[in-house]
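K.L.:
The following block contains the structure, expressed as structure tokens.
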Amino acid sequence: MTEPRLIDGADENDGDGPAADPRGWVLPRTVSVSDLGPLADPISEHNGQAVAVRPLANHPGWLAKLYRPDQHPEDAQRLDLLISAPGTLPEADRAVLYAGTCWPAARIHEPGNPAVGCVIPTAPEQYRAELRRGKFGERRFVEIDWLAKSDESNRGVGLPPLGLAGRLAACRQLTELAAILESLGLVYSDWSFSNAFWSPAQRSVYLIDVDGCQPEKMPDIHQPNWADPLTPPGTDADEYTDRYRLGLLVAKCMTGQRDARAFHTVAASPWENQPAVSEVLLDMLLATDRERRPSAAQLNQALNGGPYLRTVPRPTRTELPPLPSAVTATAVEKPAPEPPTPYGKKPEPFSPGGWVVVLVIAVILLFVIAANH
């Protein structure tokens with residue numbers, strides 16, 4: 001693997017000089033807590049590595065993400081690398097990264113603690129929507145969790161139906177962001193339902209918790225239903241772990257299914273205008289050699305209608321995970337169709353009352369026959 005571009009260009013803009021950030025605030029790359037001014041009440045507490053996330057009262061649209069005090073000493077250097085990373089990108093990729101993530105803008109420090117936290121932008125308002133539950137509604141950020149549900153589920157809470165076009169648009173942007181992270185040599189690892197917001201109206205996504213990215217590898221924290229079968233427990237997550245989890249997330253979002261049915265739907269190749277999408281996803285999810293999983297850029301190319309050159313053996317249906325027991329039972333218990341009847345009409349079942357009439361007639365006939373003898 002080549003040395004990450006993030007490391008190659010990290011010292012171009014390091015130091016405490018101001019950084020021109022297109023998101024609307026020019027600030028030094030390192031700031032003290034007092035430099036930020038008053039902090040408003042937390043909007044989130046004790047979530048992951050953060051003790052709290054608090055709005056900056058004097059700088060609307062910006063947040064201070066404050067870490068637990070047990071962070072590793074090298075976190076300060078890692079944050080500085082992340083803050084500098086966009087400067088190593090082409091202008092178009094830099095714009096995509098800033099628009100689609102809460103990329104850190106500055107490291108917060110204080111005496112004795114070089115990594116108190118970081119300054120990040122607030123997610124844009126377009127990622128909020130009114131979610132209805134019965135007679136009650138709540139305006140909140142819409143997690144990508146909803147993209148991995150059916151159109152019927154979305155309509156049930158007041159979200160517009162997606163259709164294939166809506167799912168494609170969101171997954172294209174998601175994989176574009178993943179490809180940029182991969183080009184920087186960064187491991188994200190947190191591809192899941194809770195770490196991205198989704199805008200049904202704009203058909204876009206917004207990645208959060210990106211300040212946890214690490215170069216090349218990072219501890220693989222267990223996530224239920226997102227475990228990579230080829231990353232053994234106790235080993236680090238790397239770019240190949242990211243590829244599996246990204247493929248799993250896209251498969252669920254594209255199909256609107258959240259369990260093994262997503263795999264089976266992908267294998268059925270339902271997207272006629274994007275024939276390579278199924279091929280790339282199956283290779284990301286079922287490849288037996290983790291280092292031969294397709295890249296995020298290859299998945300993004302397939303989602304945009306581009307070609308895919310397979311370099312691994314074609315997966316077979318026997319490699320798909322088993323369907324949930326409820327789905328299997330339903331399929332097994334479904335009765336076989338009855339043979340057709342003349343004119344396509346089904347015969348009516350004979351009722352118990354009909355048998356009584358037949359019995360009465362038979363008894364009468366017996367009496368008549370006996371009387372005649």
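The values are calculated or read from the model by the stated rules, or taken from the named source; none is laboratory data. None of the values given here were measured: they were computed from a predicted structure. Note that we place each Cβ from the backbone using ideal geometry, even for glycine, and neighbour counts take in every protein chain shown. For accessibility, only protein heavy atoms count, side chains too; no ligands or nucleic acids. Shrake-Rupley method; radii C 1.70, N 1.55, O 1.52, S 1.80 Å.
K.L.:
Count, please, the residues in the stretch 107-128 that happen to be in contact (Cβ under 8 Å) with a residue 60 or more places away in the chain and within 19 Å of SER44 (Cβ to Cβ).
P.N.:
Adding up the residues that qualify gives 11.
K.L.:
Restricting attention to the stretch 213-227, which residues are under 18 Å from the mean Cα position of the chain (by Cα) and modelled with pLDDT under 95?
P.N.:
Residues satisfying the conditions are ASP220, ILE221, HIS222, GLN223, PRO224, ASN225, TRP226, ALA227.
K.L.:
Restricting the stretch 119-138 to residues that are farther than 22 Å from ASP209 by Cβ and among the basic types (Lys, Arg), which is surrounded by the most Cβ atoms within 10 Å (Cβ to Cβ)?
P.N.:
Top of the filtered list is ARG132.
For (1) open to solvent by 20 Å² or more (accessible area, probe 1.4 Å); (2) in a loop (DSSP other than H, G, I, E, B); (3) of a type outside the set (A, V, I, L, M), each residue gets a yes or a no:
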site	(1), (2), (3)
GLU176	yes, no, yes
GLU182	yes, no, yes
SER189	no, yes, yes
PHE193	yes, yes, yes
PHE197	yes, no, yes
ILE221	yes, yes, no
PRO232	yes, yes, yes
THR241	no, no, yes
ARG245	no, no, yes
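K.L.:
Filter the stretch 139-161 for residues that are part of a loop (DSSP other than H, G, I, E, B) and either open to solvent by 20 Å² or more (accessible area, probe 1.4 Å) or of a type in the set (Phe, Trp, Tyr) (or both); which is modelled with the lowest pLDDT?
P.N.:
Checked the stretch 139-161; the qualifying residue modelled with the lowest pLDDT is PRO161.
K.L.:
Show the residue pairs that are 6+ apart or on different chains and have beta-carbon atoms under 7 Å apart, the first residue being within the stretch 289-307 and under 11 Å from ARG172 (Cα atoms), the second being open to solvent by 20 Å² or more (accessible area, probe 1.4 Å) and hydrophobic (A, V, I, L, M, F, W, C).
P.N.:
Listed by first residue and then by second, the contacts come to ALA296/ALA179; ALA297/ALA179; ASN300/ALA179.
K.L.:
Which ones in the stretch 44-59 are in contact with a strand residue (DSSP E or B) (Cβ under 7 Å, 6 or more places away or on another chain) and part of a loop (DSSP other than H, G, I, E, B)?
P.N.:
The answer is GLN49, ALA57.
K.L.:
All but one of (1) touching a Lys or Arg at 6+ places or on another chain (Cβ under 9 Å); (2) open to solvent by 20 Å² or more (accessible area, probe 1.4 Å) hold for PRO313; state the number of the condition that does not hold.
P.N.:
Of the numbered conditions (1) touching a Lys or Arg at 6+ places or on another chain (Cβ under 9 Å); (2) open to solvent by 20 Å² or more (accessible area, probe 1.4 Å), the odd one out for PRO313 is (1).
K.L.:
Among the numbered conditions (1) without any contact (Cβ under 8 Å) to a residue 24 or more places away in the chain; (2) closer than 21 Å to ASP145 by Cα, tell me where LEU246 comes up short.
P.N.:
Among (1) without any contact (Cβ under 8 Å) to a residue 24 or more places away in the chain; (2) closer than 21 Å to ASP145 by Cα, LEU246 violates only (1).
K.L.:
Ok, one more. Output the residues belonging to the stretch 44-67 that are in contact with a Gly (Cβ under 9 Å, 6 or more places away or on another chain) and open to solvent by 90 Å² or more (accessible area, probe 1.4 Å).
P.N.:
Hit for the stretch 44-67 is ASN58, nothing else.
K.L.:
Hey, could you check the stretch 256-286 for residues that are more than 19 Å from GLN298 (Cα to Cα) and not in a loop (DSSP other than H, G, I, E, B) and say which is most open to solvent (accessible area, probe 1.4 Å)?
P.N.:
ARG261
K.L.:
While we're on this one: All but one of (1) open to solvent by 50 Å² or more (accessible area, probe 1.4 Å); (2) modelled with pLDDT of 95 or more; (3) in a strand (DSSP E or B) hold for ASP41, so report the exception by its number.
P.N.:
(3)
K.L.:
Name every residue in the stretch 191-223 that is acidic (Asp, Glu) and either touching a residue at least 40 places away in the same chain (Cβ under 8 Å) or more than 13 Å from THR241 (Cα to Cα) (or both), in order of residue number.
P.N.:
ASP209, ASP211, GLU216
K.L.:
Out of SER194, SER189, SER278, I need the residue that is out of contact with any Asp or Glu (no Cβ under 7 Å at 6 or more places or on another chain) and either of a type outside the set (A, V, I, L, M) or at negative phi (or both). Which one?
P.N.:
Sole residue among the options that is out of contact with any Asp or Glu (no Cβ under 7 Å at 6 or more places or on another chain) and either of a type outside the set (A, V, I, L, M) or at negative phi (or both): SER278.
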